[in-house]
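Taking it in order: structure first as structure tokens, then the write-up.
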Ligand SMILES: Nc1ncnc2c1ncn2[C@@H]1O[C@H](COP(=O)(O)OP(=O)(O)OP(=O)(O)O)[C@@H](O)[C@H]1O
Ligand SMILES: [Mg+2]
């Protein structure tokens, strides 16, 4: 046992309500680390997918086809107006019935949609619905006349979207996007409900096994999420600063 | 596709009996005019008379209800129109400059040739730097639109249009949003262009400039061309009472 482990081992001897068991028992340490790693993967993949969904949805909302627009609108209404936990359960238990399953061992090797897969799909679409609206608002803030100038230069609709509308809309959207992604990272904890072995799931299992670890687990959970969300917020703020246009919008 | 066997001896732009309505409001009520290669045309007239609508129809930013607009013999009012081909030929500068605010002056100029025409970047950059010089903006290459004055922005907008190597330039009241002091620098840029032989159609309220630069002046009112002529006679021998009234107010 190294001195770090020794410290928490002794702490537990003195104050049995503060059993940071995962700081001195290597087996429990591994559970926490694997949970943390799963949470990070979930968060990163869902953040990226939800932004992609948001961009595509916002593009489709500007389409000429009424049919496409109403599909996007229906999608937004469904995911925005129902609780993400219910969406998660619905995807996993209801839709999951219709995909062939066999008991997965590790999540990467599973050819069909695992519980992790469903968590990613469900959470990405959940946050994606908000991102569509966020980007939509940003797009509406781009003056028609700027787009017209691009049109007069021979750009087609996709080129105008990619080179003019998106770069400007994105900057307008960043603060709202920031909030939504913070929410998304926190919502990944709900994957617990379908037994995705992310951080909350591991912590709950640990204090189910060692009830004296409850306070310690809660504390660590709070600290970890403050750090994770903090990293996201700092990164987003940096990005916002790096993308600030001199002489524009202030 | 329309058949086109255009030669330089024919009008580069030929507008014939064009009608255009926005809903119930008929904005163009049978407008016809021809522009020869190298000519400079000024369109003047009261607010709401359809000047912007007319020149926006030339590069298909507005469609028309009936009549014909031909650019180098090609019908613009054609459902199969190749819009890119048209917009390569016809450049347009707007009253509000409409630069891309997230791009520097140089990037604004380079964007369309690189992204639309897929021309090599280094070649386009060379041309863009030449254009910057041509509109007297050396040193402003890396400035963002928000860091430039109105007159500077408008000159970037002119250079941006020229980077596509158009045959015709449309100017829609390009000095109307500018301070009186900066109007001149933009007019100088346009004048240089006209003197280099660029075909120009200008909507303008700058009568002195129109008189100096135009080969032909058209006066529009309520969707029709009321009167037109070379500046030498237009300003002195206007016959229609509407033209006379307009000129008396503005001169
Ligand atoms: N997209 C549009 N939808 C509806 N009405 C329009 C549209 N564009 C222009 N109009 C109307 O058409 C009429 C002519 O407008 P246009 O902009 O061509 O006038 P103009 O001669 O350029 O005027 P100004 O000198 O004020 O720029 C106006 O009454 C205007 O309100
Ligand atoms: Mg106008």
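With the condition kept exactly as written, say whether any residue in the range B:93-109 is crowded, with 20+ Cβ neighbours inside 10 Å, farther than 27 Å from residue A:171 by Cα and within 14 Å of chain A (Cβ to nearest Cβ).
There is no residue in the range B:93-109 that is crowded, with 20+ Cβ neighbours inside 10 Å, farther than 27 Å from residue A:171 by Cα and within 14 Å of chain A (Cβ to nearest Cβ).
So, of the residues in the range B:162-220 that are within 14 Å of chain A (Cβ to nearest Cβ) and more than 16 Å from ligand 1 (Cβ to nearest atom), which turns out to be surrounded by the fewest Cβ atoms within 10 Å (Cβ to Cβ)?
This residue is B:165.
Given the criteria under 29 Å from residue B:9 (Cβ atoms), part of a loop (DSSP other than H, G, I, E, B), within 16 Å of ligand 2 (Cβ to nearest atom) and within 12 Å of chain A (Cβ to nearest Cβ), does residue B:61 qualify?
Yes, satisfied.
Could you grab me the full set of residues in the range B:129-153 that are more than 12 Å from every other protein chain (Cβ to nearest Cβ) and either under 13 Å from the mean Cα position of the chain (by Cα) or without any contact (Cβ under 8 Å) to a residue 12 or more places away in the chain (or both)?
Listed by number, the residues that qualify are B:130, B:133, B:138, B:139.
Kindly indicate whether residue B:54 is in a helix (DSSP H, G or I) and either within 23 Å of residue B:197 (Cα to Cα) or touching a strand residue (DSSP E or B) at 6+ places or on another chain (Cβ under 9 Å) (or both).
yes
Which of the helices (runs of 4 or more DSSP H) found entirely inside the range B:110-199 contain at least 3 residues meeting this: closer than 29 Å to residue B:11 by Cα and touching a helix residue (DSSP H, G or I) at 6+ places or on another chain (Cβ under 6 Å)?
B:150-162, B:180-195
Kindly indicate whether residue A:111 is surrounded by fewer than 20 Cβ atoms within 10 Å (Cβ to Cβ) and either modelled with pLDDT of 95 or more or within 11 Å of another protein chain (Cβ to nearest Cβ) (or both).
Considered against the rule, which asks whether it is surrounded by fewer than 20 Cβ atoms within 10 Å (Cβ to Cβ) and either modelled with pLDDT of 95 or more or within 11 Å of another protein chain (Cβ to nearest Cβ) (or both), residue A:111 comes out as no.
Please verify whether residue B:250 is away from every other protein chain (no Cβ under 14 Å), under 21 Å from residue B:60 (Cα atoms) and within 16 Å of ligand 2 (Cβ to nearest atom), treating the condition exactly as stated.
No: the conditions fail for residue B:250.
Can you pull out every residue in the range B:19-45 that is over 18 Å from the mean Cα position of the chain (by Cα) and either within 14 Å of chain A (Cβ to nearest Cβ) or within 16 Å of ligand 2 (Cβ to nearest atom) (or both)?
Hits for the range B:19-45 are B:20, B:22, B:25, B:27.
With A:172, A:165 as the choices, which residue is more than 7 Å from chain B (Cβ to nearest Cβ) and either within 16 Å of residue A:240 (Cβ to Cβ) or in contact (Cβ under 8 Å) with a residue 40 or more places away in the chain (or both)?
That would be A:172, the only listed residue that is more than 7 Å from chain B (Cβ to nearest Cβ) and either within 16 Å of residue A:240 (Cβ to Cβ) or in contact (Cβ under 8 Å) with a residue 40 or more places away in the chain (or both).
Quick one: is residue A:54 assigned to a helix (DSSP H, G or I) and touching a helix residue (DSSP H, G or I) at 6+ places or on another chain (Cβ under 6 Å)?
yes
Name every residue in the range B:4-51 that is assigned to a loop (DSSP other than H, G, I, E, B) and either within 10 Å of ligand 1 (Cβ to nearest atom) or without any contact (Cβ under 8 Å) to a residue 24 or more places away in the chain (or both), in order of residue number.
B:7, B:9, B:23, B:24, B:45, B:46, B:47, B:48, B:49, B:50
Being away from ligand 2 (no atom under 16 Å from the Cβ) and either within 14 Å of chain A (Cβ to nearest Cβ) or in contact with a strand residue (DSSP E or B) (Cβ under 7 Å, 6 or more places away or on another chain) (or both): is that true of residue B:77 here?
Yes.
The values are calculated or read from the model by the stated rules, or taken from the named source; none is laboratory data. Note that the coordinates shown come from a computational prediction; the quantities given were computed from them, not determined experimentally. A quick note on method: Cβ atoms are made from the backbone with ideal geometry, for glycine too, and the neighbour counts reach across all protein chains shown.
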